[in-house]
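The values are calculated or read from the model by the stated rules, or taken from the named source; none is laboratory data. In this text the structure is predicted, and so the values were computed from the model without any measurement. Cβ atoms come from the backbone with ideal geometry, glycine included; neighbour counts cover every protein chain shown. Remember, those area values only see protein heavy atoms, side chains included, never the ligands or the DNA or RNA. Shrake-Rupley method; radii C 1.70, N 1.55, O 1.52, S 1.80 Å.
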Number of protein chains: 2
Amino acid sequence: QSAYEQGLDRNPANYVPLSPLSYLERSACVYPNRTSVIHGARRYTWGQTYERCRRLASALVQRGVGRGDTVAVMLPNVPAMVDAHFGIPMTGAVLNTLNTRLDAEAIAFMLTHGEAKVLITDPEFAPTVRAALDLLEGPKPLVIDALDDEFPGKDRLGEIEYEDFLASGDPDYAWELPRDEWDAIALNYTSGTTGNPKGVVYHHRGAYLNAASNIISWGMPQHAVYLWTLPMFHCNGWCFPWTMAANAGVNVCLRKVDPALIYELIRSHHVTHMCGAPIVYGLLINAPDGLRAGIEHSVAGLIAGAAPPAAIIEGAEKIGFDITHVYGLTETYGPASVCAKHPEWNDLPIDRRAERNGRQGVRHHMQEALTVMDPQTMQAVPADGETMGELMFRGNIVMKGYLKNEKATREAFSGGWFHTGDLGVMQPDGYVKIKDRSKDIIISGGENISSLEVEEVLYRHPAVLTAAVVARPDEKWGEVPAAYIEIKDGSNVTAEDIVEHCRAHLARYKVPRHIEFCVLPKTSTGKIQKFALRQQAKSASAIG
Amino acid sequence: QSAYEQGLDRNPANYVPLSPLSYLERSACVYPNRTSVIHGARRYTWGQTYERCRRLASALVQRGVGRGDTVAVMLPNVPAMVDAHFGIPMTGAVLNTLNTRLDAEAIAFMLTHGEAKVLITDPEFAPTVRAALDLLEGPKPLVIDALDDEFPGKDRLGEIEYEDFLASGDPDYAWELPRDEWDAIALNYTSGTTGNPKGVVYHHRGAYLNAASNIISWGMPQHAVYLWTLPMFHCNGWCFPWTMAANAGVNVCLRKVDPALIYELIRSHHVTHMCGAPIVYGLLINAPDGLRAGIEHSVAGLIAGAAPPAAIIEGAEKIGFDITHVYGLTETYGPASVCAKHPEWNDLPIDRRAERNGRQGVRHHMQEALTVMDPQTMQAVPADGETMGELMFRGNIVMKGYLKNEKATREAFSGGWFHTGDLGVMQPDGYVKIKDRSKDIIISGGENISSLEVEEVLYRHPAVLTAAVVARPDEKWGEVPAAYIEIKDGSNVTAEDIVEHCRAHLARYKVPRHIEFCVLPKTSTGKIQKFALRQQAKSASAIG
Ligand SMILES: Nc1ncnc2c1ncn2[C@@H]1O[C@H](COP(=O)(O)OP(=O)(O)OP(=O)(O)O)[C@@H](O)[C@H]1O
Ligand SMILES: Nc1ncnc2c1ncn2[C@@H]1O[C@H](COP(=O)(O)OP(=O)(O)OP(=O)(O)O)[C@@H](O)[C@H]1O
Ligand SMILES: [Mg+2]
Ligand SMILES: [Mg+2]
């Protein structure tokens, strides 16, 4: 044993669990009067946000919430959603952000699987949440309604309103850091490609590091003004609620992606940064020019969630966005790679520059590795830009695993790397480029759709014999689900019937946009040859 | 046990020890052709620096260096010093940067105490190092001479020259991350206030976090051009060798602080960032105006190491520096607090702004806490700007402890906080301000001097009966050592005799600048009342 291993242990003075809660406390101490959150006419400072989070934590603890419990939220990008990212983990509990676009069945599944003790919900989603609560078989969570002046509806489901709940909490609540930086901080369900959604668990360490990595990889200055065009329920808004606390910036809230409102907020609050899927930039590009009047500054924009077409990158740059392309998954806390720009690229013609920027790039500063490998041999493919393999991540910005799903966790991490299910190549300069996908999902307007879920609904229609769903390129949504269906002998069904059936059982965005009745291509053993359908639908051209 | 604690363990895909070595690898992969190091006519790219570091690691391993060994370096700010920050830890060994201004005895002590197996040394320090090696009683380290075209001397001490040593290493050496992020990465001796220097041990985790914290707290952009006006041997250059690897910037080397050369380098390489003690900025302010001709851009400058007089902050701003004041100690990896600026301060008159900026401030982003406490009761003092207490740090940017010195380690961390030995107040806005010092050191031109060491040398003079050394304000150096001496009856000695004696036994900068023969103030039990001498010398006015 060397001298360096004696008498040099951890102690409370030199070791503290890494947690993004520390960022909030720092900003509240150093910049108590700087604006933290803007929402319509509401304004909070970092001092106030910290107080609200402590109240929230205290009120939750009074209701019995503690370490290892789950608190779910069904919220748009409102101040309560910012609070939730701190107030809930302050109790040792885990924040489960629900995708507000999901239907009651999916929500009910998540509340049950995640064992949510408390649910904070917005009136806009009351019908869905009411139906979801009705579906619950076990004990129901405590429901807190977060009313919002920016939304007309006041439909309530729970016993207490969010502001009243906060009022019952102690503004000086003595919260504690997690016992261990490996403790869970968030639970994010991702569309299961093999059945039910999987619960991706994040830890405090990863949230802390990715929040910092966002600042470093994007070169984000302190006090940036960040517009919430990205839903905070997506991978915790790519960790930006924590990033904005770290850099004492401004969260400009936004309930829905509406170009007129977005431009108005950019103008009036001098927004400097935003994130979004390609569809968001598509909407902004195609909005009437007049909406941009008076905006003189450039907005830094991260783009991810689906492959950004060159036209979107070019278009966004033309209207004054400084676009950086990132890539990642729910399992990697959102983007964990960045298409790091080289100053030399500025000299390229815009189309060649867009091509360079269209790549998924290299690992984030605080992610350890991103590579492309043959998933069988776990050997890296040559960096020739041609040999296909699976993209794999490794490092501290990778989930703990899937909740209550050891098998899926083991598979995801097999061979010591996280398997993304994205297929692509390694280019000679070490940048990865996605070309296709091995997992069965469709990404439409930045939202994931599990082909399997849609297929299961199709099979429930009495006329359907066999069904397969694949991604089909779409000008606006990037990809849309396309269904290939074999109907039972003697059945008489129309595409409209199928769509209607799907509407009844699926969230809107999951309903197939294209339906084809045909004989499905099969292997000799009767397995559907999805690859052939994907070729037919030109899936890869949408993904890559 | 909650569901969050089952089947969600660490594995190679989701957990990697935090180490700044990862930053180097990333920059070498992403920016292989960007400049990493400039030194005179020499230029390296990040690809080349990475290769040099791997060669260094490989060559060291071939010589038997491994985990827990110490490799010492006696180097100015030259490319080999940058390499050392990566190549040495790549082997699992610990980098011990020696203060090049020390004398042979101090160096010999450190080589012995740190058990250095290898020493890399620059010809400028050959006389000192030769004498130090002669003093060693145990086995001598392998000595490697790092010759440098920017220095005329070629005085060699060792068996092998640095570049030849590198040539013997493998450029593709498969180095590994540390087994544990708590593993030691660096050893920095700090002037012992109670006798021998203490060996401050850093770990990979802290080096990684502080390197990132430098970027975030300073708002340092990628590819910054950093001029090495701060010695890399001081707290590993405040972790900036690792920071520059993280942001793929340029290290502009500098053997010595020479205003003409500094301005020339700022001009020719468009330097954007630099660090230094107040004396460095003092030299730049007082240099002839003509030296600044042609420099149009502002340089961001961190200032620390001693309290910066308002005149220095103002003066530096007037000649185009954008000054940020930071504070810390060897024990906190260099600066671990920052006088975070508020935009509102820009509207203040320059003297009031300088006063605001003259405070030691608030914790760095990635440090957990900085406070002012009564060291007896460990209660925070009121934030009234008046009540004195001791500044204390807590968090991940605090050393592992002192090497082979459990007692000092325990004392330093008593009560769960790191005791800085600096005295000051907490202002109402949560910013700390240093007013005095409880530890017996003098900080002259950014270099620490242990009063005790000087006193011990004084006592060795045959005429000295009692001696006490305290800090005295000095226009140029901030503080200088002042000696108060009682001479033996019948002795006949002059101030010049004392100075001559000190010159023979102390590094230059430690020699008292002021000598007073007097009867020393003592307590009833005969203990010297240093506080009275410090009052007499106006020490606090230099420190605070
Ligand atoms: N920049 C990108 N380029 C191409 N595909 C992307 C990009 N970013 C994300 N994707 C696709 O999205 C998948 C990740 O979807 P997932 O839902 O897990 O995470 P997310 O997109 O980060 O989060 P969410 O969709 O919930 O916002 C990736 O595996 C990939 O197929
Ligand atoms: N900004 C500052 N203002 C006042 N005093 C400072 C400041 N920075 C450092 N000091 C003094 O220097 C002491 C730390 O000296 P130490 O040598 O341990 O660390 P360092 O100054 O960061 O490193 P080095 O002097 O080796 O560069 C502090 O305890 C404090 O007394
Ligand atoms: Mg997605
Ligand atoms: Mg110092």
Practice problem: Could you sort the residues of region A:14-52 by number and keep only those whose accessible area is reduced by 10 Å² or more in the all-protein-chain setting relative to the chain alone, 1.4 Å probe? | Solution: A:N14, A:Y15, A:V16, A:L18, A:S22, A:Y23, A:E25, A:R26, A:C29, A:V30, A:Y31, A:R34
Quiz item: Using a 1.4 Å probe, how large is the accessible area of B:D258, given in Å² and rounded to the nearest 10?
Solution: 50 Å²
Self-check item: For region B:1-122, alpha-carbon Rg and Dmax in angstrom
Solution: 18.2, 62
Quiz item: Tell me, what % of the accessible area of the protein assembly as shown is carbon and sulfur with a 1.4 angstrom probe?
Solution: 49 percent
Self-check item: Of all chain A residues, the one whose C-beta is nearest the axis that brings A onto B, in angstrom
Solution: A:A212, 3
Quiz item: In whole Å, what is the distance between the alpha-carbon centres of region A:310-372 and region B:285-364?
Solution: 36 Å
Quiz prompt | Approximate spin-label separation A:A287-A:Q379, in nm, with each point projected 7 Å along Cα-to-Cβ | solution = 5.1 nm
Exercise. Residues in region A:459-499, backbone N under 13 Å from the label point at A:K522 (7 Å along the Cα-to-beta-carbon vector): list them, ranges by number please.
Key: A:465-468, A:486-489
Quiz item: Whole number please: convex hull volume per residue of the Cα set in the protein assembly as shown, in Å³?
Solution: 182 Å³
Practice problem: Work the Kirkwood hydrodynamic radius out for region A:406-544: mean of 1/r over every pair of different alpha-carbon atoms, inverted, in Å. | Solution: 16.3 Å
Quiz prompt | Shortest-first nm distances, A:N346 label point to equivalent points in other copies (7 Å, Cα→Cβ) | solution = 2.1
Quiz item: Taking the Cα atoms of chain A alone, what are Rg (to one decimal) and Dmax (as a whole number) in Å?
Solution: 23.4, 83
Self-check item: Accessible area (Å², per residue) of region A:40-113, counting only protein heavy atoms and a probe of 1.4 Å
Solution: 25 Å²
Exercise. Any chance you could look up the accessible area of A:F418 with a 1.4 Å probe, heavy atoms only, rounded to 10 Å²?
Key: 0 Å²
Quiz item: What quantity of accessible surface, computed with a 1.4 Å probe and excluding non-protein components, is buried in total between chains A and B, in Å² to the nearest 100?
Solution: 5800 Å²
Quiz prompt | Equivalent-ellipsoid semi-axes of region A:54-94, from the Cα gyration tensor, Å, largest first | solution = 17, 10, 8
Quiz item: Measuring label to label, 7 Å along Cα→Cβ, what does B:P259 give against each other copy in nm, shortest first?
Solution: 5.9
Practice problem: Provide, for q = 0.14, 0.16, 0.18 Å⁻¹, the log10 of I(q)/I(0) from a solvent-free Debye sum over equal Cα point scatterers in region A:298-421. | Solution: -0.67, -0.83, -0.99
Self-check item: Shortest-first nm distances, B:K538 label point to equivalent points in other copies (7 Å, Cα→Cβ)
Solution: 8.3
Practice problem: Mind putting together the pair-distance distribution for region A:1-64? All Cα pairs, 5 Å bins, whole percent per bin, short to long. | Solution: 4, 14, 14, 16, 14, 12, 7, 6, 6, 5, 1, 1, 0
Quiz item: Mean shadow of region B:110-269, computed from the convex hull of its alpha carbons, in nm²?
Solution: 12.4 nm²
Quiz prompt | Tail weight of P(r) past 15 Å, computed on alpha-carbon pairs of region B:500-544, percent | solution = 60 percent
Practice problem: Compare B:L142, A:L209 by solvent-accessible area with a 1.4 Å probe and give them largest first, with all protein chains kept in place. | Solution: B:L142, A:L209
Quiz prompt | Accessible heavy-atom area order of B:H505, B:H204, A:H270, highest first, probe of 1.4 Å | solution = A:H270, B:H505, B:H204
Self-check item: Gyration tensor over alpha-carbon atoms, region A:213-266, equivalent ellipsoid semi-axes in Å
Solution: 20, 13, 9
Quiz item: Just by accessible area at a 1.4 angstrom probe, what is the order of A:D155, A:D145, B:D69 from largest to smallest?
Solution: A:D155, B:D69, A:D145
Quiz item: Taking a probe of 1.4 Å, how large is the accessible area per residue of region B:431-544, in Å²?
Solution: 47 Å²
Exercise. Using just the helices of chain B, give the 222 nm mean residue ellipticity in deg cm²/dmol: DSSP H runs with n ≥ 4 each add -39,500 (n - 2.57), and the total is spread over all residues, rounded to 500.
Key: -8500 deg cm²/dmol
Practice problem: Give me the accessible area of A:M232, 1.4 Å probe, in Å² rounded to the nearest 10. | Solution: 0 Å²
Practice problem: Work out Dmax and Rg for region A:377-417 from the C-alpha atoms and quote the Rg first, both in angstrom. | Solution: 12.8, 40
Self-check item: Average projection area in nm² (convex hull over Cα atoms of region A:167-224, one quarter of hull surface)
Solution: 7.5 nm²
